[in-house]
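What follows is one structure encoded as structure tokens, with my remarks underneath.
The values are calculated or read from the model by the stated rules, or taken from the named source; none is laboratory data. Note that this is a predicted model, so its numbers are computed, not measured. Cβ placement follows ideal geometry from the backbone for every residue including glycine, while neighbour counts extend to all protein chains displayed. Calculation scope for accessible area: heavy atoms of the full protein, side chains included, ligands and nucleic acids excluded. Shrake-Rupley method; radii C 1.70, N 1.55, O 1.52, S 1.80 Å.
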There are 2 protein chains.
Amino acid sequence: MLDSKLLDRLKDSKLKVTLPRRIVLEILSEADKPLNPYEIVDLAKANGKKIDTVTVYRIMDAFEDSNIVHKLKGQSKYMICEHPCDDHCHHQFICDSCGDVSDLHISDESFIGELIKKFPGIKIEAHYFEFSGLCKNCN
Amino acid sequence: MLDSKLLDRLKDSKLKVTLPRRIVLEILSEADKPLNPYEIVDLAKANGKKIDTVTVYRIMDAFEDSNIVHKLKGQSKYMICEHPCDDHCHHQFICDSCGDVSDLHISDESFIGELIKKFPGIKIEAHYFEFSGLCKNCN
DNA sequence: CTTTCTGCAAAAGGTTTGCAGTTAG
DNA sequence: CTAACTGCAAACCTTTTGCAGAAAG
């Protein structure tokens, strides 16, 4: 089921609430990692729901404009933006062995602070950290 | 002119020293930012030198394998790798305003060390850091 | 002389555009 | 009812593959 808070975010935007948009939101919120449009279409199909890839591209554009999702700059992957006003900051650890993805609760300051010191003048608005390796169960 | 140290890196690898490879190296070393294959072809043309795009793609693959260039994750942009290092680890800063991408040479230890302390038992094999905001020119 | 490399053509993959029909508000 | 949205087709751009000829070592 689609989380009601997410649905509210969609309602609060100037976007119309349509079936494809609900499906995309549901898939993104259930995914534990960023997804690209093709992956979203595939997951939808796996759930018995068909959406056109082009539609997903357009939905992602609209969601990005409305700050509902965050697009990873490098990859064309998207993830739900949980703290729209705070920042689009994410830290995750992906186990190469069992595939488990965990969200790391690490303090931003220790990472970001050092960076600012090293590169004075820049302003960091968002960040995404991804680590992979072996989790403590698989190590 | 092509820097002799760079040329040596090419000679030291198992790759043959060919004209297209010299051109690519020269362009990359003169560029102050990461370039994608199309940009390399265009800059070559601007210097009166014609290379096929496919050739550039293949050259970049070979250079990456030989640790001569570093590929920015996702961006399909390449830059001369001054510190031939573990190519699984990337730190990039993307300016939201001018789109400039810079690769940050920050020590892994400061970032990774803290993480290991906090999550004992995990083994980190690769990481990807992405920061975005405003570069010092746009800030 | 052998193996690697290049350039061309074509295929494959990812993303965007145009348009007619549909649906939310 | 109207503006926004979807789905399909097709265009477009990026990247990969296959192959014959050229060049490096």
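Within segment A:38-48, being open to solvent by 50 Å² or more (accessible area, probe 1.4 Å) and in contact with an Asp or Glu (Cβ under 9 Å, 6 or more places away or on another chain) holds for A:43, A:47. Do we find that residue B:40 is within 15 Å of residue B:78 (Cα to Cα), away from DNA strand D (no atom under 12 Å from the Cβ) and not in a loop (DSSP other than H, G, I, E, B) in this structure? Against the criterion (within 15 Å of residue B:78 (Cα to Cα), away from DNA strand D (no atom under 12 Å from the Cβ) and not in a loop (DSSP other than H, G, I, E, B)), residue B:40 does not qualify. Of all residues in segment B:3-37, those satisfying the criterion of being at pLDDT below 90, assigned to a loop (DSSP other than H, G, I, E, B) and open to solvent by 20 Å² or more (accessible area, probe 1.4 Å) are B:3, B:31, B:32, B:33. Of all residues in segment B:17-53, exactly one satisfies the criterion of being near DNA strand C (Cβ under 10 Å from one of its atoms) and out of contact with any helix residue (DSSP H, G or I) (no Cβ under 9 Å at 6 or more places or on another chain), namely B:19.
Residue count for segment A:104-125 under the criterion of being modelled with pLDDT under 70 and of a type outside the set (Asp, Glu): the result is 6.
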